[in-house]
1. Looking at (1) closer than 17 Å to Met34 by Cβ; (2) of a type outside the set (A, V, I, L, M, F, W, C); (3) touching a Leu at 6+ places or on another chain (Cβ under 8 Å), can you tell me which one Glu78 breaks?
2. Condition check: assigned to a helix (DSSP H, G or I), farther than 21 Å from Lys14 by Cβ and modelled with pLDDT under 95. Does Gly94 satisfy that?
3. Within region 5-60, track down each residue that is touching a residue at least 24 places away in the same chain (Cβ under 8 Å), surrounded by fewer than 19 Cβ atoms within 10 Å (Cβ to Cβ), over 13 Å from Tyr104 (Cα atoms) and small (Gly, Ala, Ser).
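The values are calculated or read from the model by the stated rules, or taken from the named source; none is laboratory data. Predicted model, so just to flag it, every value in this text is computed and none were measured. Note that each Cβ is placed from the backbone with ideal geometry, even for glycine, and that neighbours are counted across all protein chains shown.
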Amino acid sequence: MTYSQKQCAELFSKHNRQYRGMYADVQVMGAIAMAESGGDPRVTDNVNKDGSRDRGLWQINSKYWPELWKKYDLYDPEQNAEAAAIVWSKQAYGAWATYNSKSYEKFLPDRSLSGDLKKPLDAVKDPMADIGNSVRQSVNAVTETLVKVSLSSAAFVLALTLIIMGVIILARRPASRLIGAGNPVGKAARIAKKVT
């Protein structure tokens, strides 16, 4: 069975994930699937220049996504859509060459009543993203402060430990070893002995 752009978009919408607080525009993802595979879930490209292969509706690459090749049956449209959602959640649209080359655009449905606007939306904003971003920024600020404090505390403890160790080592040495030939204090003591 060959899928249409609309069917690919509906399939992807069941698996859509967030990328930096945004959800994918399912119409764009449907158009990418059409540009990548022509809507044929059984498509496997020939060997690419780098030796990798692409498989399924969204042409998941074996070199860049070997874990997805192992985990999913990429010929299965549902599993390929799940894998594509994972790819999107990590790299957004830029993971697909057909997006970067804009060859997917011819598969987009018209987006206006007059039909003269075929420009895709970049992403659909998650309504909770702003709240999540505020919380994330607060947690990051607290974490950063704690790390700075713990690093300066660790440096202080290390310096203090080294000083104490030095004092203990010096305290255990006999005074005769402290007044040696290479020790300036020892030289002064020997000169003082000769003078008196």
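1. Condition (1) is where Glu78 drops out.
2. Taking the combined requirement at face value, the residue satisfies it.
3. Passing the criteria: only Gly21.
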